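Asker: Supplied in structure tokens, the structure appears directly below.
The values are calculated or read from the model by the stated rules, or taken from the named source; none is laboratory data. Computed from a prediction, not measured in an experiment: that's the story for all the values here. Note: ideal-geometry Cβ built from the backbone for every residue, glycine included; neighbour counts use all protein chains shown. Please note that ligands, DNA and RNA were not included when accessible areas were found on the heavy atoms of the full protein model with its side chains. Shrake-Rupley method; radii C 1.70, N 1.55, O 1.52, S 1.80 Å.
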Amino acid sequence: MLAQGGKIDTIEREEDRVKEAKENFKKAGVQDIITIYEGDAVEILPKLNTKYDAVFIDAAKGKYPFFLEQSLRLLNENGIIFADNILYKGYVMSDYNKHKQRTAVRNLREYIAIATNREGLSTKILEVGDGLAITKLKGQ
Ligand SMILES: C[S@@+](CC[C@H](N)C(=O)[O-])C[C@H]1O[C@@H](n2cnc3c(N)ncnc32)[C@H](O)[C@@H]1O
């Protein structure tokens, strides 16, 4: 639930999806509270300096550790990070090692390792859907 006066920023690199999203925002009457940045999140995130209460990661799995570091940089001290698909069809917790998914699996494992082992972070992983990691700063 978005607080009154709250805003949402989102990033999408596919032109047709940006167009569709903008149309949907308009239909839903939320075009003034959602800003969509068009381009690669790897390039856009380092340029952002807004502080966020919540970050939702649901994009290229091979970039999850990078997205985590950027999210931590942009997070308010009471903020929370949700990372979807963190268990990737169970591959992340098994010895699955097929070439096609290997990079994604390695990066998702790295995300989990940082989120669960780094001092100052508290992370729970829910086995719902494709796996959801929820990370907060410890002591919050
Ligand atoms: C799984 S979909 C997101 C679905 C959305 N959360 C929803 O519930 O409707 C992932 C989206 O992220 C976009 N994406 C993936 N990697 C990206 C990146 N590096 N930068 C920007 N967008 C990216 C894809 O084009 C795709 O539209």
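Asker: Could you list, in sequence order, the residues of segment 33-67 that are near the ligand (Cβ under 10 Å from one of its atoms), in a strand (DSSP E or B) and in contact with a Phe, Trp or Tyr (Cβ under 6 Å, 6 or more places away or on another chain)?
Answerer: Result: F56, I57.
Asker: Another one. Going through segment 22-49 one residue at a time, which ones are open to solvent by less than 60 Å² (accessible area, probe 1.4 Å), more than 24 Å from L68 (Cα to Cα) and either of a type in the set (G, A, S) or touching a Ser or Thr at 6+ places or on another chain (Cβ under 6 Å) (or both)?
Answerer: Result: G29, single match.
Asker: For segment 56-80, what are the residues that are among the aliphatic types (A, V, I, L, M) and open to solvent by less than 30 Å² (accessible area, probe 1.4 Å)? Quick ask: steps written out before the conclusion?
Answerer: Here is the first cut: in segment 56-80, the ones among the aliphatic types (A, V, I, L, M) are 57, 59-60, 68, 72, 74-75, 80.
Listed by number, the residues that qualify are I57, L68, L74, L75.
Asker: Please go through segment 40-84 and pick out each residue that is among the polar types (S, T, N, Q) and touching a Leu at 6+ places or on another chain (Cβ under 6 Å).
Answerer: Of everything in segment 40-84, just one residue is among the polar types (S, T, N, Q) and touching a Leu at 6+ places or on another chain (Cβ under 6 Å), namely Q70.
Asker: Give the residue that is farthest from the chain's Cα centre (by Cα), with candidates limited to residues of segment 81-136 that are among the polar types (S, T, N, Q) and open to solvent by 60 Å² or more (accessible area, probe 1.4 Å). Full working, then the answer.
Answerer: Of the residues in segment 81-136, the ones among the polar types (S, T, N, Q) are 85, 94, 97, 101, 103, 107, 116-117, 122-123, 135.
Subset that is open to solvent by 60 Å² or more (accessible area, probe 1.4 Å): 97, 103, 116-117.
Numbers: N97: 24, T103: 18, T116: 16, N117: 18 Å.
Residue satisfying both the conditions and the ranking: N97.
Asker: In this structure, does E12 turn out to be within 11 Å of the ligand (Cβ to nearest atom), closer than 24 Å to T135 by Cα and surrounded by 15 or more Cβ atoms within 10 Å (Cβ to Cβ)?
Answerer: Answer is yes for this residue.
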